[in-house]
Amino acid sequence: MKKLNIILAVALLFAGQAFGEGYFLNKMGACSDPDGTESLYDLIDIINNEKSAMHFSDYAEFGYSWEKAEITAYLHFNSSEGKDDADTGNPEVGYGGYGIIKPLSFLSIAAGNDTRDRFTFSGGELYTLNEAYLLQANPLQKGVGLVLNHQFGNFDLTAIANLDTEKDYYINAGLDVTYKNDLLNTSLQLVGQNITNKNDYYHYSIFACLSLPGMDFSAGYINNYNNTEINTFDPNVDWYQAFLPAVSTHVLKFSGRYKNDYFIIAADYITGLNKEYVVTTDYKKRRAAYDVLKEAGMIIPPERIYDWKIGIHDEIPWDLAIKGGWFATKNTSIYLVYAYESFITKIHSFYPYCDWQFSEKSNLRFGAKISFTDDIFSISIPLMWKVLLDIK
């Protein structure tokens, strides 16, 4: 946090050189979409015809930029009735932000405890979701980083180096080479996370992107895909940017999108290449203890049997999502997203929703998320009112 305060103070020194401009964004309600209210839940959750919980959340973000600096800060609040026994009923409050200074035209210095998707490469975007990116496409999530940008002819080069010291010293890096002309935009992107310490939390990724008028395509390979932040790997934790239903050692990702003035259609597909996944140090210890018990001829409790297969899934995980949207009027868009998740449980999901821009600065989203398996049926109601104000 101290580094964040320092970088923000330095950024403010640049403010005296020129007037800047900014914005204030507020999202109220409860919407678990990636661009929602920073809540894992929707306004109402119902599982098997039983009312599970009601939730309320609010997300506020402030950003301001000058010629040689920019700052972003956010605050979010979540409250619910109490979804399970672990929920104390106390509201959850989170905050964060980052600052950027630009001492040279080709060099930026960034620092903060959460840069959001500010430095995420485009190859990690999931087209069927709103403002959603794979974490393995982000070389600078937090800490301190250097960003180099250089343009030569039709080529743009971006190189990122990041040092994250929250729990230990982690070095992350990224490289994006983009070619542009009047017809197309194509990129090759490389990301390495925790590249100097190959333990439980390392990731290596490569993405390729192609954009044509109205169309976008991307493909990628990820080594050691998991569904949480770089340094907090836990195969039992799910997060909105986790598209694949399970951790996997080798993963392929394909995305495509077509959009015009009347409609949009998009698809995302992610699959593991085998049943393997990288295990954490804690899980390795559990497996070692299991082996000792087995060699001693002791009876293994049923809940420990899973440790015997640690590092190997029963089947290859994969996920497919398809999105269609109709821009009904200038201010109203209607969407339908279908997703199929294939792992131990086969999950079908349907998500019809509407975005209604009822004023120049305000947007309302409402819909219904329906999911079902052979045994479980659930429905949730997302609701979000978003207001974006310009600050001069």
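Each reported figure results from applying straightforward, stated rules to the coordinates on display, with no laboratory input. Computed from a prediction, not measured in an experiment: that's the story for all the values here. Please note: Cβ atoms are built from the backbone with ideal geometry, for glycine as well, and neighbour counts cover all protein chains shown.
Summary table
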| read-out | value |
| --- | --- |
| Inter-site label distance for residue 75 and residue 391 at 7 Å from Cα along Cβ, in nm | 1.2 nm |
| Ranked packing of 107-114, 259-266, 270-277, most packed first, by mean Cβ within 10 Å | 107-114, 270-277, 259-266 |
| Simple label model, 7 Å out from Cα along Cβ direction - residue 250 to residue 186, nm | 2.6 nm |
| Net length gained if the chain between residue 196 and residue 315 were fully extended (0.36 nm per residue, minus Cα distance) | 39.7 nm |
| Spin-label model distance (nm) - residue 146 vs residue 21, 7 Å beyond Cα toward Cβ | 3.2 nm |
| Karplus-derived HN-Hα couplings along the range 108-125 (A = 6.51, B = -1.76, C = 1.60, θ = phi - 60°), whole Hz, x at Gly and Pro | 10, 10, 10, 8, x, 9, 6, 8, 6, 10, 4, 10, 6, 6, 5, x, x, 6 |
| Net lengthening on full extension, residue 291/residue 354 (0.36 nm per residue, minus Cα-Cα) | 17.3 nm |
| Residue pairs, from the table 27/346; 68/253; 253/323, whose Cα atoms sit over 25 Å apart | 27/346; 68/253 |
| Placed amide H near residue 247: partners under 5 Å, 5+ positions off or other chain | none |
| Using a Förster distance of 30 Å, the FRET efficiency for residue 107-residue 155 (Cβ separation, nearest 0.05) | 0.95 |
